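To start, the structure under review is shown below, and the notes come after it.
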Amino acid sequence: MISRLLGLALLLGGCTGHREARRLEGRFALGDPQGEWRSVKAGSADRAWFHNGIGASIYADSNCATRYDDRPLQKLAEAVVYGIGSGEPLREEARSVDGRDAWLRVVDASIDGVTMRVGVLVLKKDECVYDLLYLAPPTTFDSGWPAFESVLAGFRSQGG
């Protein structure tokens, strides 16, 4: 199940890109989730972590240059969870991350018939759209949220 969740998260980020996009993508810093989180192979994403004890993943990806999407942040957040999210968002809010507007959305989702909770934060900076996701079962979601907040707090774009 966990590999399916991580696979879904990686799929959401896309797999192809132009040379300019590849030059810009992945050029950002993140905070450390700390604790029992371990870095895992990110596949087509830029970075990923997994916490076995709570069955949760944190994922970060960037889409730049020709892969840049200039839709409003709320629409970008909706697109990340399109097809898996169910019902009204549990939480939505505007934030400031690395000096830019960002949008946070939390939804319940169904992934291969398994109920999960997904937190997604999107922001645009330096010709890139950054997607940061936190996926966990609803019963353990709150216990891993501080780690996701730590990752977000350390975000710094290094592109340009």
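The values are calculated or read from the model by the stated rules, or taken from the named source; none is laboratory data. Fair warning: this is a prediction, and the values are worked out from it, not measured in the lab. Virtual Cβ from ideal backbone geometry, glycine too; neighbours counted across all protein chains shown.
Quick look at the numbers
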item: Hey, residue 84 surrounded by fewer than 20 Cβ atoms within 10 Å (Cβ to Cβ) and touching a residue at least 40 places away in the same chain (Cβ under 8 Å) or not; result: yes
item: Test: residue in region 98-108 that is modelled with pLDDT under 90, more than 16 Å from residue 157 (Cα to Cα) and among the charged types (D, E, K, R); result: no
item: Answer from 127, 92, 88 - the residue that is within 16 Å of the chain's Cα centre (by Cα) and among the charged types (D, E, K, R); result: 92
item: Residue in region 18-34 that is in contact with a helix residue (DSSP H, G or I) (Cβ under 8 Å, 6 or more places away or on another chain), at pLDDT 55 or above and at positive phi present; result: yes
